[in-house]
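A short worksheet on the structure shown next.
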Amino acid sequence: MAVARRRKKRRKRSDPGSGRQGSARLALVLVGLVGVNLYVFLWRGDTSIPEVMERASVADESELGARGLAGLGLGGGEEDEEPARAEPDPEPGLEIREDEIASGESIERVLHDAGLSYSDALEVIESLEPYMDFSAVRPGQRYRIEFDEEGDFAVFEFEVSQVERVVARAGEDGVEAELVESDTEVRIEEVGGTIRNSLYVSLREAGEDTSLVSFFVDVFAYDLNFYVDTHPGDTFRMIIEKEYLDGEFYQFGDALAAEYSGAAGTFRAYRWQKPDAEQPAYYDEKGRPLERSLLRTPLKYTRISSSFNPRRMHPVHHEVRGHFGTDYAAPTGTPIWAAGSGRVTRRGWAGSAGNMVVIEHDDGLTTRYMHLSGFADGLRVGERVSQKDVIGYVGETGTATGPHLHFEVIQDGQHLNPENMELERADPLADGLLAKFEEDVGELQPRLAEVPVRSGWERVGYALGALATTD
Ligand SMILES: [Zn+2]
């Protein structure tokens, strides 16, 4: 059978769980970062990582970013970006129908129009159901149908995405289907640059490489406040996986190592999976986890609208009432995360605080979240939450002059200033593990240090190695 000659491909999926989660996380922060970028431009008016990264991506690989977004499911793939396929030579007497889904057409319709009986079409559809979402079928997606010498149905093949096809084949025991994924080649590449003044217009226009910006903001969020601590002359370095499909950039994979260096200090991150951990995490060069017990900012905010100030004049009541938390302005509906793992002790209406969530953490720490427009589905008092779980959404319920999160941190009855509170790092790796960590990331350390950081976004352009899987 013709289709059997087609090279069966598989994507490299050495680390499927974290890869998928990584993409989802990138996609999530991407949305927030449009706001961050606007903020950086509107409120700072000088240089930022987003500007530098973004400008260079427009300058030298504009198509790259668009594909990167498509890979994250955030951009529209274009028809001419169909991956080239090795088309098998049709066998004599074999009928092949090849086309794309027309507007308003369903796969069922396509099969009927091709002459399949009702029961054959149903069998094909049932076989494909575990592998694809029929409600997501869109005009322009390609398919092919093959019939054997007797004119009976043989194969139905449908392109689910740039990298996935489903194939249903008639066999002795009825129709059997499978999902075929294309091989993407993973190259480990270096990225480095220096922050400097730059054009903000391109930043707003494209924003494609904000997925990398979000990586920096996310990974160094515990150490560095990207809203205030980044300055012209700061440098960044990165060693990152890039996935290529048929030789063209498809999407970013995992960042293996990164460094940000500036007036605020030098911060490094190495991706490493502890032997008993469910997924990899980032550690500094001394093997200390970068994550801390609490997030300073439990949301992607646009600006701080009111800082912690025990002697503040109240904006609504016009008297000194003190402000015992930080107000983060953000659009209504912006997700709010649990600042740390803990137990929900309150969820509901609380007068001038509006909709409020209170979480108790270890070590006598409590966090409060006020003025929410709503709570996360299923959030209940008594429930345990993990750091970065969504607990609710920004709103302006209770006494508020605009949508914002009022965030409070209380330690043993004392309010702390979330913007400058001292945060505990998670424990460093024990000696045995540290040796393993150093062995695993040791090679990356000198390599990271040598990534060039000439001005602007330098795509060094040479691959350090190709890790594509082979069949
Ligand atoms: Zn407030």
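Per-structure values
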item: Rough spin-label spacing in nm, given labels placed 7 Å along Cα→Cβ, for S386 and E424; result: 2.0
item: Environment charge at L122 (Cβ cut-off 14 Å; Lys +1, Arg +1, Asp -1, Glu -1); result: -4
item: Environment charge of V320, counting only residues whose C-beta is closer than 10 Å and scoring Lys/Arg +1, Asp/Glu -1; result: +2
item: Centre separation in Å (Cα based) which lies between the stretch 135-187 and the stretch 102-131; result: 12
item: Estimated dipole of the stretch 303-416 in Debye, rounded to 20 [Cβ of Lys and Arg +1, of Asp and Glu -1, Cα centre]; result: 140
item: 13 Å cut-off, amide nitrogen to a point 7 angstrom out along D363 Cα→Cβ, residues in the stretch 279-306; result: 291-296
item: Kirkwood-based shape ratio for the stretch 303-416, expressed as Rg/Rh from alpha carbons; result: 0.95
item: Sequence of H404, H323, H318 once ranked by neighbouring C-beta atoms within 10 Å, starting from the fewest; result: H318, H323, H404
item: Set K286/K436; K388/K436; K274/K436 screened for pairs whose C-alpha atoms are more than 19 Å apart; result: K388/K436
item: Length released on extending from K274 to R288, taking residue separation times 0.36 nm less the Cα-Cα span; result: 3.9 nm
item: Contour minus Cα-Cα distance for D254 and S135 (0.36 nm per residue); result: 39.8 nm
item: Inter-label distance, nm, simple model (7 Å from Cα along the C-beta direction), H317/S161; result: 5.1
item: Extension gain (nm, one decimal) between A435 and D148, 0.36 nm per residue minus Cα-Cα; result: 97.2 nm
item: Cα-Cα P(r), the stretch 84-181, percent of pairs per 10 Å interval; result: 15, 53, 30, 2
item: Efficiency of FRET from Cβ geometry, Q411 and D229, R₀ 25 Å, rounded to 0.05; result: 0.55
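Computed from the coordinates by the stated procedures, all read-outs in this text should not be read as laboratory data. Being a predicted model, the structure only gives us computed values, none of them experimental. Because the Cβ atoms are built from the backbone with ideal geometry, glycine has one as well, and the counts that use them run over all protein chains shown.
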